[in-house]
């Protein structure tokens, strides 16, 4: 079964990671970033070796986002991000092929162990089965 495993963040989190402290997070230092990248690299290597990694990527900050919608006449309405009405956004993801929901939950728990600076927000890891495969047992 394939699963989409997602981590979340906010524009403020991206700013903190670039060294700018804010009301929700302290500034990340170079050591903090190196620890995070080393952790994620090791995780991705392990998932690739086990054959469970289909794809995984970190995403650019919300400020680089573009929203495409249509107005009442069907004309495109294009808005550049970030969006004031949006709190958390997708910060990164993995597409994993795992034997069970229990296994992908183990991986999500490992993702939660990623080092972050004291006081930085920690978001839940979201697991979504990808449709098109066998049914998910309840």
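Structure above, values below:
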item: Residue match in region 71-80 (condition: touching a residue at least 40 places away in the same chain (Cβ under 8 Å) and under 30 Å from residue 22 (Cα atoms)); result: no
item: Among residues of region 54-67, those that are over 20 Å from residue 13 (Cβ atoms) and surrounded by 11 or more Cβ atoms within 10 Å (Cβ to Cβ), counted; result: 1
item: Of all residues in region 41-53 being crowded, with 16+ Cβ neighbours inside 10 Å and in contact with a strand residue (DSSP E or B) (Cβ under 8 Å, 6 or more places away or on another chain), the one that is farthest from residue 18 (Cα to Cα); result: 52
item: Strands (runs of 3 or more DSSP E) wholly inside region 20-138 that include at least 3 residues being farther than 14 Å from residue 5 by Cβ; result: 66-70, 76-80
item: Candidates 12, 38 - the one that is free of Cβ contacts under 8 Å to residues at least 12 places away in the same chain and more than 17 Å from residue 125 (Cα to Cα); result: 38
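Every number in this text was worked out from the coordinates using simple rules, so none of it is lab data. Bear in mind that the values here come from a model prediction, so they are computed numbers and not experimental data. Cβ coordinates were reconstructed from backbone atoms using ideal geometry, including for glycine residues, and neighbour counts include every protein chain displayed.
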